[in-house]
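The values are calculated or read from the model by the stated rules, or taken from the named source; none is laboratory data. Remember, it's a predicted structure, so these values are computed and weren't measured experimentally. No Cβ is skipped: glycine too gets one built from the backbone with ideal geometry, and neighbour counts run over all protein chains shown.
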Amino acid sequence: MDWEGSYNNLTIVGGGRGAGRMSKASRAARYLRIGIVVVAALAGVQRLAVGAQEPQPQEKKSRPKLFIDIVQGQDVVNNVKQRVAREPQIVVYDENHNPVNGATVTFLLPKGGPGASFPGGQTSFTTTTGADGQATAPGLQANNIPGSFHINVVVSSQGTTVTSTIPMANVLAVGVAAGTSVLTTTIITVTTAAGIAGAAAGTILTVTSGQISPSK
């Protein structure tokens, strides 16, 4: 027997088998590493896809600050005998004192007592400001009830709402022109009947030639 040849053959065969086993282990380890990398990559892609689908929180925009200036109608006296009144007008500004365009403005009148009405007998009027920030309520008509009242003004723009009031008064004085400012006409309201003999409580008085007398 050729022991040397057998030994050589055994060595070759044995070496071949060992080499085969090492190759399989290496391949298995390599495949395992590749599998881990692929799984991690797929997981990352999935997280990116889910993140892309989820709505991102939006930054909150600060609401603008609005300011109302009364341009016309403040402290105006309306002569009820003429059944007309000064049209209220306002202007809307932002915090930088720039006029606000497109703001919604609603003028609200009292539904009873001294007051007025808009065309059609309406007690409210809604409009929008122009490029100059102004809004006007046209066609205001005083009723025949003397006394003071307020026009409420509500302004809304971009989620911000502000309010203001425009004080007015109705009088029966013959010598008072429609829409006259209170600043140029002396008006005294008697709160008690004891204020002046013969004057009922709440009567609006006017000054004529220096004499105080109830309005007729």
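Miscellaneous remarks
- Residue ID - modelled with the highest pLDDT, chosen from residues in region 135-151 that are in a loop (DSSP other than H, G, I, E, B) and touching a strand residue (DSSP E or B) at 6+ places or on another chain (Cβ under 7 Å): Ala137
- Only listed residue being in the same structural domain as Thr161 (by TED's automatic domain parsing), buried (at least 16 other Cβ atoms within 10 Å of the Cβ) and within 14 Å of Thr161 (Cα to Cα), chosen from Val84, Val92, Val80, Val76: Val92
- Selected residue (only one of Lys65, Lys111 is surrounded by fewer than 19 Cβ atoms within 10 Å (Cβ to Cβ), farther than 26 Å from Gly133 by Cα and at pLDDT 80 or above): Lys111
Residue-by-condition table, conditions (1) modelled with pLDDT under 95; (2) within 20 Å of the chain's Cα centre (by Cα); (3) among the aliphatic types (A, V, I, L, M):
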| residue | (1), (2), (3) |
| --- | --- |
| Gly133 | no, yes, no |
| Val153 | no, yes, yes |
| Pro167 | no, no, no |
| Leu172 | yes, no, yes |
| Leu183 | yes, no, yes |
| Thr186 | yes, no, no |
| Thr203 | yes, no, no |
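- Qualifying residue in region 116-129 (condition: free of Cβ contacts under 8 Å to residues at least 40 places away in the same chain, crowded, with 16+ Cβ neighbours inside 10 Å and under 24 Å from Ser62 (Cα atoms)): yes
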